[in-house]
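The values are calculated or read from the model by the stated rules, or taken from the named source; none is laboratory data. As the structure is a prediction and not an experimental result, all values here were calculated from the model. Cβ atoms come from the backbone with ideal geometry, glycine included; neighbour counts cover every protein chain shown. Remember, those area values only see protein heavy atoms, side chains included, never the ligands or the DNA or RNA. Shrake-Rupley method; radii C 1.70, N 1.55, O 1.52, S 1.80 Å.
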Amino acid sequence: MAVAAALALTGCGGSDADSDVVRIGTTESDQAWDVFEQKAQDAGITLQITNYSDYSQPNIALTQGQIDVNLFQHLQFLGEYNVANNADLTPIGATQIVPLGLYSKKHESVADIPAGGEIAIPNDPSNQARALFVLEAAGLVKLSSDTLAPSPADIDRGASKVKVTPVDAAQTALSLASVDGSVINNTYLERAGVDPLSALFKDDPSSPGAEPYINTFVTRAEDKADPTYQRLVEIWHDPDVQQALAESSKGTSVEVRRGGTELEPILQRVQQTIRDGK
């Protein structure tokens, strides 16, 4: 994939209605992006792609106007960012839900993980909460409250089988050799050569509770109706892009077709929950 530097280009993005150049940021680099970039080019849209090394950067870059659109995050992550930074970044179209899984190099099943075993999870608040729900559903931890955004402080250690170690999301896959298991986002599975089909346990992307984990194209609020950005959402759902995504995710990615008007209420609920501390 052609990866461009983050250049502030004159006349690109929502500031110029005649522009066919879109600066887009992501943390991903797979064959789906190659196909997406080519399909956009065929539609008269030149993508300037900036690939960021971790999840903390693309929203900051979008807020600061260094890029026009980003595509890397689910609604829960976006809500955490908006609330923490008093920002109004806005989803304009869904892409997919990717199940979050528990992986291990030491054990072949959840039952094999020993009492007192160590599990690494992402340390950013949204993925950390989702990872804890994965471990709870797998029977490895017991949460002491019914909060929708649990942290390690909500683990009932006496009633839990394993201990949990939060690490940077990029380190979850790299930690596999030294822990009993890791909850790893798909972005880092590919980079570490971990087969997504080897998960010992995954959450259910079709459940109503999965809505906060819908991945989405995101813009600044004032640009949400930009027709070029809306066209990118359509291109992402082109059958060739979806086929490439299915191949790169080994069939684990679940396509979601929802527009911004459907996604914004979900984001608002997520953000209110975060503000309420529930």
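Please list, in chain and number order, the residues 5+ apart from ASP30 or on another chain whose amide H is under 5 Å from its amide H, with Hs placed from the backbone.
none
Roughly how far apart, in whole Å, are the Cα centres of the range 39-104 and the range 220-251?
Measuring centre to centre over Cα atoms gives 12 Å.
So what is Rg over Rh here for the range 146-238, counting just Cα atoms and using Kirkwood for Rh?
Ratio of gyration radius to Kirkwood radius for the range 146-238: 1.06.
Between THR46 and GLU262, what is the spin-label point distance in nm, taking each point 7 Å from the Cα along the Cα→C-beta axis?
Going from the THR46 label point to the GLU262 one covers 3.4 nm.
Solvent-accessible area of SER151, probe 1.4 Å, all protein chains present, reported in Å² to the nearest ten, please.
40
Subtracting the Cα-Cα distance from 0.36 nm times the residue separation, let me have the gained length for THR63 to SER145 in nm, one decimal.
26.1 nm
Using a basic spin-label model with each label point 7 Å from the Cα along Cα→Cβ, how many nm lie between ASP54 and SER29?
Reported label-point gap for ASP54 and SER29 is 1.7 nm.
Among the listed pairs LYS202/LYS224; LYS161/LYS202; LYS106/LYS161; LYS161/LYS250; LYS105/LYS163, which are separated by more than 23 Å between their Cα atoms?
The answer is LYS202/LYS224; LYS161/LYS250.
Among HIS74, HIS237, HIS107, which one moves the most in a GNM of the chain with springs linking Cα atoms closer than 10 Å?
Of the options given, HIS107 has the highest mean-square fluctuation.
Fully extended, how many nm does the chain gain between ALA111 and VAL83 (0.36 nm per residue separation, minus their Cα-Cα distance)?
Gain on stretching ALA111 to VAL83: 6.3 nm.
Place a +1 charge on the Cβ of each Lys and Arg in the chain and a -1 charge on the Cβ of each Asp and Glu, then give the dipole magnitude about the Cα centre in debye, rounded to the nearest 20.
For the chain, the charge dipole is close to 800 debye.
Roughly how many nanometres apart are two label points built 7 Å out from the Cα toward the Cβ at LYS250 and ASP276?
Going from the LYS250 label point to the ASP276 one covers 3.9 nm.
Projected onto the charge dipole of the chain (+1 at Lys/Arg Cβ, -1 at Asp/Glu Cβ, origin at the Cα centre), which of SER253, VAL21, PRO150 gives the Cα projection farthest towards the positive end?
My answer, from the dipole projection, is PRO150.
What is the local net charge at VAL256, summed over the other residues whose Cβ is closer than 12 Å to its Cβ (Lys, Arg +1; Asp, Glu -1)?
Net charge in that neighbourhood comes out at -1.
Ranked by accessible surface with a 1.4 Å probe, highest first, in what order do ARG258, ARG130 come?
Result of the area sort, largest leading: ARG258, ARG130.
Quick check on the chain: helices-only [θ] at 222 nm, where DSSP H runs of length 4 and up contribute -39,500 (n - 2.57) each and the sum goes over total residues. Nearest 500, please.
-9500 deg cm²/dmol
Taking the Cα centre of the range 142-278 as the origin, how large is its charge dipole in debye, to the nearest 20, when only Lys and Arg (+1) and Asp and Glu (-1) carry charge on their Cβ atoms?
Value, rounded to 20: 480 debye.
Roughly what % antiparallel, to the nearest 5, for the DSSP beta bridges in the chain?
Rounded to the nearest five, the antiparallel share is 55 percent.
Among VAL83, VAL162, LEU174, whose Cα projects farthest towards the positive end of the dipole of the chain, with charges put on the beta-carbon of Lys, Arg (+1) and Asp, Glu (-1)?
So the residue furthest toward the plus end is VAL162.
Tell me, what % of the accessible area of the chain is carbon and sulfur with a 1.4 angstrom probe?
The value for the chain is 48 percent carbon and sulfur by accessible area.
Please enumerate, by chain and number, the aspartates and glutamates with C-alpha under 13 Å from the C-alpha of LYS142, excluding those fewer than 8 residues away in the same chain.
ASP154, ASP156
Magnitude of the Cβ-charge dipole of the range 123-174, K/R +1 and D/E -1, about the Cα centre, nearest 20 debye?
200
Once the dipole of the chain is set up with Lys and Arg at +1 and Asp and Glu at -1 on Cβ about the Cα centre, which of THR219, ASN70, PRO114 lies farthest towards its positive end?
PRO114
Considering only protein heavy atoms, with the full assembly of protein chains and a 1.4 angstrom probe, order GLU234, GLU118 by accessible area, largest first.
Greatest to least solvent exposure: GLU234, GLU118.
Taking a spot 7 Å from the Cα of SER198 along the direction of its beta carbon, which residues of the range 99-130 have an amide N less than 19 Å from it?
The answer is 99-114, 118-122, whose backbone nitrogens lie closer than 19 Å to the label point.
Go through the range 184-199 residue by residue and turn each phi into a ³J(HN,Hα) via Karplus (6.51, -1.76, 1.60, θ = phi - 60°); whole Hz please, and just put x for glycine and proline.
In residue order, the calculated couplings are 10, 5, 4, 3, 8, 4, 5, 4, 8, x, 8, 6, x, 7, 8, 4 Hz.
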